[in-house]
Structures are given as structure tokens and as C-alpha cells.
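What follows is one structure encoded as C-alpha cells, with my remarks underneath.
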Amino acid sequence: MAYTNFTVETDADGIGLVTWDMPGRSMNVFTVGVMDELNAIIDETVADKAIKGVVITSGKSSFSGGADLSMIKSMFSFYQDEKAKDPATAAQKLFDLVGRMTGLFRKLETCGKPWVSAINGTCMGGAFEMSLACHGRVVSNAKGVKIALPEVKVGIFPGAGGTQRVSRLTDAQSALQMMTTGQSLSAARAKAMNLVHQVVEPDQLIPAAKQMIKEGLKPVAPWDERGFKAPGGGIWTPAAAQLWPAAPAILRRETSGNYPAALAILKCVYEGLQVPFDTGLKIEQRYFTQVLQTTEAYSMIRSLFVSMQELGKGARRPAGHPKTELKKVGVVGAGFMGASIAYVTAAAGIFVTLIDRDIEAATKGKTVSEGLVKDSIGKGRFTNDEGAALLSRITPSIDYADLSDADLVIEAVFEDRDVKKAVIEAVEAVLPAGAVFASNTSTLPITGLATNSKRPADFIGIHFFSPVEKMMLTEVILGKETGDRALAVALDYVAAIKKTPIVVNDTRGFFVNRCVLRYMSEAYDMLSEGVPAAMIENAAKMAGMPVGPLALNDEVAIDLSLKILKAAVADLGDKAVDGRHMQLITRLVEGEGRFGRKNSKGFYDYPPKPAKKLLWPGLKDLYPQKKADEIDVNVLKQRFLVTIALEAARTMEDGIVTDPREADVGSILGFGFAPYTGGALSYVDGMGVKAFVGLCETLAEAYGQHFNPTALLRDMAAKGETFYGRFDPYGVKTAA
Ligand code: NAD
């Protein structure tokens, strides 16, 4: 039989080789069509008496990325539609739907003929769950092969038998660790955990897989054998008595109870190990059905998978401009940011001229790349040759004439209008027609900087975040006169360096910093109310923020906060800044010399390593301290999330951000806004705008005007709208 996504060939030994190779896709994924075909292949190979066993592999460089999450997204719509029609049976129908993959893999496992998964490249999620249902697993030791069940990262969990099979192959602790973190395993680690049978050289993969069948591999899973015992003996053992009472507490410490999918993994494993395998599968199917109905799963899949992919693929790229293959990029300013921008650019195969005021500074900028390359070689990410090639693409210089063939120049010089003006003029004197000039400024409006340019249509902001090599986000900022072509080039560049862009209009602080400032300001308010600093930091983390606001302020630098406050007063008047904030930050910087991590003195003290940072004890002497039991930690958590979400809503209202996907993805990738919410606007949509407005009003009464809901939010609440409805990214955009 002919298939669209697979080929099936049988060799002289009667071993069928099933090769998964989906046409028109760079990666194999499970779709409904793939499941239908796999089902038919199982039937075909069982019926064919000449076939003794089957090896399944991939025709692509990776094995598979797992389930097509768009398919999972469509399950949400299915459920919503069914619920509207008949709520009583909607969950049952969803339950049946999610059981499809579980049933298919169980059919494979019990088909009576041996199957071996020959994992030639990265194998994720549903594809690894399928491999776990095979009777043998052989993995190539090719560089970069990763095995993972990463579903928890997008709010779901391995729901096609993964929780039951992994916990019956490896000890429960390792199983929980793997699935609740979504960590990637190397082939060797997967073998050490007993999740795969063999790790072989790439060219030995198929022969080794076939050999397992020739040697009489039994077509029976260990758990289908009589007397099977889970590794470590299951739940009722002394070792398990150590693990299980602590496991929920550890999970709570790591997730603050914010991730229903992570908790469901724990339940699936704990409950599943106490019952026969098929009952375990049913338990998993029930929890999976429950998790799919949560707001967290819906919002996380939308933002962290669908929207992130769409933005990465250029959802905001203007049509009608051919893709730019950037060959050479100039970076002016080889300091903290410029040096790393040069690195990520060269890592994308682009030549870089790295300019500073003198050759020593430019060369010093390149040493940053040398350090990063050395690290990557040490970690096995690059070969020596790849590292050398990357470095050979970076040329330090002081000569602007070297930019005469650049496609794009990014300036990262001092945050000073005059210095930037001189650089813009010097660059434009040599820059070829059609090349684009980008500023990495964090605070100066792009429209203002562009007044120094003779070609403002080719002038744009590309705002990186530090550390540049790790942060996945860039903000692309449009000045008033920025043209579509400059935007297209900037987005082509961001795609080349494999970052996710959000496109925002010009404003003080753009999108990310506007929101981050609110986060830190709320902490200043709390400090001045006498909330103990430790409680502030912990409440923020319990709300799902990766870094407390005071620790974050130390990273950003407190003297920079003072500069920003002073600039706001200078430009907008005294009222632009809360007097308590100015007092606190002035006291820390000018009174106490506390600048943040950079001078080892900020909200925290930074003793020499390996000692850990500690909150500065002097903080409690700045304001009379409240007692912990006078403070409602839930309110502290809400204040952080609400103040940021409100600012995100204001950026939509002001037309700074026009697409809710960008506010959501930008808030998660830019400053780690509680990922389980799906981002700052999904947080509002998730609870409902009406409820959010009510919450804002309550907080405004107790904690100040800055919590007042905006006119847009009130209007949306009255009309029962959501951000994704009103600013539908897929439909015609409605002006606010
Ligand atoms: P930095 O002081 O570390 O580096 C600035 C570099 O520019 C220095 O090497 C300096 O010698 C060089 N320079 C100054 N004048 C120059 C000139 N006329 N010609 C050539 N080189 C010149 O500063 P940084 O932290 O890298 O910041 C650079 C820019 O990036 C600023 O606009 C800043 O607002 C922005 N930014 C910084 C961060 C951050 O986290 N530090 C984040 C995003 C954006």
C-alpha cells in the first residue's frame, strides 16, 4: 500500500523498514493523517505473513518533534464547540479524542510482531511515546541527538502513555524529573536511565535495529509479562516512602502550584504504578482530558507554541519585499551589548565589522566572542573548526569605510544623544544605498534619533536584551518615518540570528521596559509600605516570575533606575515619578552607594563566591516593618501580575503594541512574565476582562491610582470582549 507520510520496504529477512518522511515539512510531526497511516501500517504488517518484525525510522535529519501542537490546539476549539452544544457530553468526547493516540500506541505494542524504533535524530514528545511503545529502541550517537518529553513546557504532559511507560522503565524519581521539567536527554543518558536499549554509530542504526529482531526480540512489553515489577519495586517500598511524601512539596517549591500539568504528571505516575498498565493508561487519559480543559494549557500552547512560531516565521513582516540574505553587518560600539551582538551575528554565518573608538576597545569586544566560542566548544556545541570559522567572521576596526558594503549597521554606543548623533552621521557617510541603520538604544525614542538621519525610512530600532546570546527576544521599534523595507530587513536579520521579534511603535521604554519598570515600581511601593523584602521577592516568585523584582533591579543596576527616574522628571515634570520611589532610589544610590550587582551592593549583598547573595539587612531599617501575618501574600502576587498586565493593556490602548501575540510572547521572553498565564494579555483574557477590571478597582482603592483600569479595559468589560477578540491577530484589526 502507498502512504503519504511513510514508505514501507521489506528486506530478504522479512523485516519491514517503515520510514517516516512527511512531504513539504522539515520535521515529522503527529497529525491525524499520520495516525491514520500508522494505524494502517500496523494492520498491513500484522496481516503480511512474510513480515517478521518492523523497524521504524525517519527519513529526515531529526526523528520527530512529536504531536503537531496545532492539532492539540484544534482539540480546544472542538471542546469549546461541543461544550456550547452539550456540556454534559463535551468532556466525554474530549476524553475519547485524546485517547486516540494512546490507543494507537497500545495497538502497536500488542500487535504480536516486534517493532524497533531506530531513533536517528532528535525525538520528542509523542514520537518518543511511540518509541516507548515499540519493543526495542536503538539510538544514533550522532552529535546533538536529543530525547525529551517536553510537553510540560507548553502546559500539557505526555498523555499518550508516556507517564506510564517511563515510570515502568526507570525509577520514579528520574521519571518525574524528566517529565516535570521537560528536560532533554542525550542518547547516553537515555540509555543510562534504561529508556533505550542501544546507542550506536549512525551508520549502524538500521542494522542494529534489524539485528534485535533477528535475535528474537519478544513482541511483548515488560509490563505485559507476568510478575512485572516497576524499577525500585513500585510505590510500597522503603525507597518510595522517601520519595513520595516529598515529591509534591518539591514540585510546589519549583512551580508554586502554578502548573496543573506538572502536578498531573505526579498523579499519573503515583496512581498509575499501583494499578495494571491498561488502567494506568486510563488514569493518564483522564488527567490529560482535565489538563486540556485548563486555561493554563490553552494559553501556554497559544503563546509559547503557536504565536512564538508565527512571530518567528515573520507574522509581522510586510509583504512585497524579497527576503534579504544578510552578508555583512556592522556593529558600532564593542562594549557590553555590541560585543555580544557581534557574536550572535557571526554565529548566524554573517560577517561582522565591529567598530569602536580605538582598536583596543574593538579588539576587546571580539574577545567576548572568543570566550563564548571556547565555552561552546567545551560543551560540545561547536567543533574547533566551527568555532574558528565563527571568529574569523568578526573583524575589529576603527574605520567606518569598512561599512561601505554592509547590509545593516547596528549601533550600541553610549546611551547619549550626541554620541549617537555623531555615529549616525559617520555611518551614513559610507553606508550604501538601501542598507539599514538600527539603534540598540534602550531609552531614547527612535523617531528622535532618526532626526539625525538623512534617510529616516531606513532607520529602525533593534533592541536586544542582555545576555544577548541567551535572551530569545528582540524588540523591533518603528520610528514615525521607518519604512516597510527597513522593517523587512530588520525581521530578516532577527530570523537569521534565530530570535523571536516583536514589532512595536515608538514610545519611552518601548514595550518590555515599560512593563519591567512597573514590576520594579510595585516592589518599591511594597518596600515603602513596610513589606519585608524577603516577602516581596518570594511573593513575586510564587506569582510565577523567574526573578524577584529587587534581584532584577540589581541586575539592571540601581543607578540606571535613578537615571531613568531623573530623565522622566526632566522630560515630563515632577508628577511623572512617585516621590517615594525617587526617595528610595536616591537614598540607595547617593546615600548608600548601592548600585546593584555591578558593585556587589544593591538590594542584595554579593559576598565573594561561592557564598550566595543575601538581601541587604539595611533594607528593613529604611521603613517601619509590617509583621508577616498582617500581609496577604495572595494580594502581593496579584499586585505584581496586575500592574504589569495593566501596562501591557496600556501599550495596546496607546497603539504601541498592536498584536496581542506580541504583548504575550514579549512579556514571557522579555522578562519571564508568569509563563503559565500565556503572557500579560492572556492573563487578562484568562480571567475575563470584567473580572480583571474588578480586581484593578479593588487594588486601586487599597494601593493607589496606578491600578485604575483604563478606558479601553472598561469598554471591553462592558462589551464582554477579550484582547484576542478585539485585536484579532488573524482578522481585521480594530483600532482601539
Ligand atoms: P557600554 O558602555 O558597555 O558600551 C558602549 C561602547 O560604545 C563602548 O565600548 C564605547 O567605547 C563605545 N563607544 C562610545 N562612543 C563611541 C563612538 N563614538 N564610536 C564608537 N564606539 C563608541 O554600553 P552598553 O551597555 O553596551 O550599551 C550600549 C547601548 O545599548 C546603549 O544605547 C544602551 O542603552 C543599549 N542597551 C543596553 C542594554 C544593557 O543591558 N546594558 C540593553 C539593551 C540596550
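The values are calculated or read from the model by the stated rules, or taken from the named source; none is laboratory data. Here the structure is a predicted model, which means the values were calculated and not measured. Cβ atoms come from the backbone with ideal geometry, glycine included; neighbour counts cover every protein chain shown. Side chains are part of the model used for accessible areas, which takes the heavy atoms of the whole protein and leaves out ligands, DNA and RNA. Shrake-Rupley method; radii C 1.70, N 1.55, O 1.52, S 1.80 Å.
Here A533 clears all of (1) under 24 Å from E590 (Cβ atoms); (2) away from the ligand (no atom under 16 Å from the Cβ); (3) out of contact with any strand residue (DSSP E or B) (no Cβ under 6 Å at 6 or more places or on another chain) except the condition numbered (3). With respect to the conditions (1) open to solvent by 10 Å² or more (accessible area, probe 1.4 Å); (2) touching a Leu at 6+ places or on another chain (Cβ under 6 Å); (3) farther than 17 Å from V199 by Cα, A133 falls short on a single one, namely (1). Highlighted here are the helices (runs of 4 or more DSSP H) found entirely within the range 530-592 that include at least 3 residues which are more than 29 Å from G678 (Cβ to Cβ) and either more than 27 Å from the chain's Cα centre (by Cα) or at pLDDT 95 or above (or both): 558-572, 579-586.
Scanning the range 348-357 for residues that are of a type outside the set (S, T, N, Q), more than 17 Å from K499 (Cα to Cα) and more than 8 Å from the ligand (Cβ to nearest atom) returns F351, V352, L354.
Quick one: in the range 331-347, which of the residues that are among the hydrophobic types (A, V, I, L, M, F, W, C) and within 13 Å of the ligand (Cβ to nearest atom) is surrounded by the fewest Cβ atoms within 10 Å (Cβ to Cβ)?
Going through the range 331-347, the residues among the hydrophobic types (A, V, I, L, M, F, W, C) turn out to be 331-332, 334, 336-337, 339, 341-342, 344, 346-347.
From what is left, the residues that are within 13 Å of the ligand (Cβ to nearest atom) are 331-332, 334, 336-337, 339, 341-342.
Values: V331: 31, V332: 27, A334: 31, F336: 13, M337: 23, A339: 26, I341: 27, A342: 32.
In this case the residue turns out to be F336.
All of D399, D385, D416 fail the test of being within 12 Å of the ligand (Cβ to nearest atom), of a type in the set (D, E, K, R) and either under 34 Å from the mean Cα position of the chain (by Cα) or under 18 Å from K327 (Cα atoms) (or both), apart from D416. For G434, are the conditions met, namely being in a helix (DSSP H, G or I), more than 10 Å from the ligand (Cβ to nearest atom), out of contact with any Asp or Glu (no Cβ under 6 Å at 6 or more places or on another chain) and without any contact (Cβ under 8 Å) to a residue 60 or more places away in the chain? It is false that G434 is in a helix (DSSP H, G or I), more than 10 Å from the ligand (Cβ to nearest atom), out of contact with any Asp or Glu (no Cβ under 6 Å at 6 or more places or on another chain) and without any contact (Cβ under 8 Å) to a residue 60 or more places away in the chain. Pairs linking a residue in the range 330-350 that is more than 14 Å from H463 (Cα to Cα) and among the aromatic types (F, W, Y) to a residue that is more than 10 Å from the ligand (Cβ to nearest atom) and open to solvent by less than 10 Å² (accessible area, probe 1.4 Å), with Cβ atoms under 6 Å and 6 or more positions apart or on different chains, are Y343/S369. Within the range 437-453, the set of residues being of a type in the set (V, I, T) and either near the ligand (Cβ under 10 Å from one of its atoms) or within 24 Å of H321 (Cβ to Cβ) (or both) comprises T441, T443, I446, T447. The residue that is farthest from S340 (Cα to Cα), among those in the range 457-467 that are more than 9 Å from the ligand (Cβ to nearest atom) and part of a strand (DSSP E or B), is F459.
From the list K498, K470, the one residue that fits, being surrounded by fewer than 19 Cβ atoms within 10 Å (Cβ to Cβ), among the basic types (K, R) and within 14 Å of the ligand (Cβ to nearest atom), is K470.
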